[in-house]
1. Can you tell me which residues in the range 132-145 are part of a helix (DSSP H, G or I) and surrounded by fewer than 21 Cβ atoms within 10 Å (Cβ to Cβ)?
2. Check the range 11-22 and report whether any residue there is farther than 19 Å from residue 169 by Cα and in a loop (DSSP other than H, G, I, E, B).
3. Residue check: is residue 193 in contact with a strand residue (DSSP E or B) (Cβ under 9 Å, 6 or more places away or on another chain), within 14 Å of residue 93 (Cβ to Cβ) and either in contact (Cβ under 8 Å) with a residue 24 or more places away in the chain or within 16 Å of the ligand (Cβ to nearest atom) (or both)?
4. Inspect the range 219-228 for any residue being within 19 Å of the chain's Cα centre (by Cα), away from the ligand (no atom under 16 Å from the Cβ) and farther than 19 Å from residue 152 by Cβ and give the result as yes or no.
5. Based on this model, can you work out whether residue 149 counts as surrounded by 20 or more Cβ atoms within 10 Å (Cβ to Cβ), over 17 Å from the mean Cα position of the chain (by Cα) and more than 16 Å from the ligand (Cβ to nearest atom)?
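No value in this document is a laboratory result; all are computed from the given coordinates. On a predicted model such as this, the values are computed, not experimentally measured, just so you know. Neighbour counts run over all protein chains shown; Cβ positions are idealised from the backbone, glycine included.
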Ligand code: MG
């Protein structure tokens, strides 16, 4: 069942989203060659707790981190570690979220460490654009699969693939609620969007083939062909005439614009 949030619940979702995004970008701004993903994890956790919230990833099905730190060909669910030291030329996706007064935020962004070749910038750019191409479909009366279709087609058009087995999702008092939102598919199917639905939309794109593999730690998901992967996510609410991004603040919008234009 897909819940419709009240005005008051959306207020709480907005605050959960703001804190989630602040944690994401505070950790993101600390990225530099030589820093470990565990240090980034600690930065994010500190921000979440200092804002009166709780990290929602930590302990989720036993996940040990506040962030998922997914480097290069790691698609999602990389475990933060003192042994994972970022190097110049890496890319890293930070995915993190907070629970505020029982409501969840969830967001992700792929950052570059130092600088990367043009072809890597292109993958990041296309994946970031795919998020907004998907969001542009969101309005009451649209089909959920319109979002999926738009994201998938945008990736394919640029010669990339999307993994089949990881998706976006509804969000609210649970981090993962109905519906699940694949990043591919035909338009015009499934759930009809309604005002007050809260969704986490998250294009994941592989530079190579779509197949994935879970590593022996039970968490880390990689592209099977070890091609580079990118991933961007916002939590949003469906409004009367479109959508509002919940995981955003003025500062973070400026940061996002600055990073995106590099
Ligand atoms: Mg998510």
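1. Here is the first cut: in the range 132-145, the ones part of a helix (DSSP H, G or I) are 132-135, 144-145.
If the condition is that a residue be part of a helix (DSSP H, G or I) and surrounded by fewer than 21 Cβ atoms within 10 Å (Cβ to Cβ), then 132, 133, 135 are the ones that fit.
2. Checked the range 11-22: no residue is farther than 19 Å from residue 169 by Cα and in a loop (DSSP other than H, G, I, E, B).
3. Details: in contact with a strand residue (DSSP E or B) (Cβ under 9 Å, 6 or more places away or on another chain): yes; within 14 Å of residue 93 (Cβ to Cβ): no; either in contact (Cβ under 8 Å) with a residue 24 or more places away in the chain or within 16 Å of the ligand (Cβ to nearest atom) (or both): yes.
So residue 193 fails the test.
4. Yes: the range 219-228 contains one or more residues that are within 19 Å of the chain's Cα centre (by Cα), away from the ligand (no atom under 16 Å from the Cβ) and farther than 19 Å from residue 152 by Cβ.
5. Values: surrounded by 20 or more Cβ atoms within 10 Å (Cβ to Cβ): yes; over 17 Å from the mean Cα position of the chain (by Cα): yes; more than 16 Å from the ligand (Cβ to nearest atom): yes.
Yes, satisfied.
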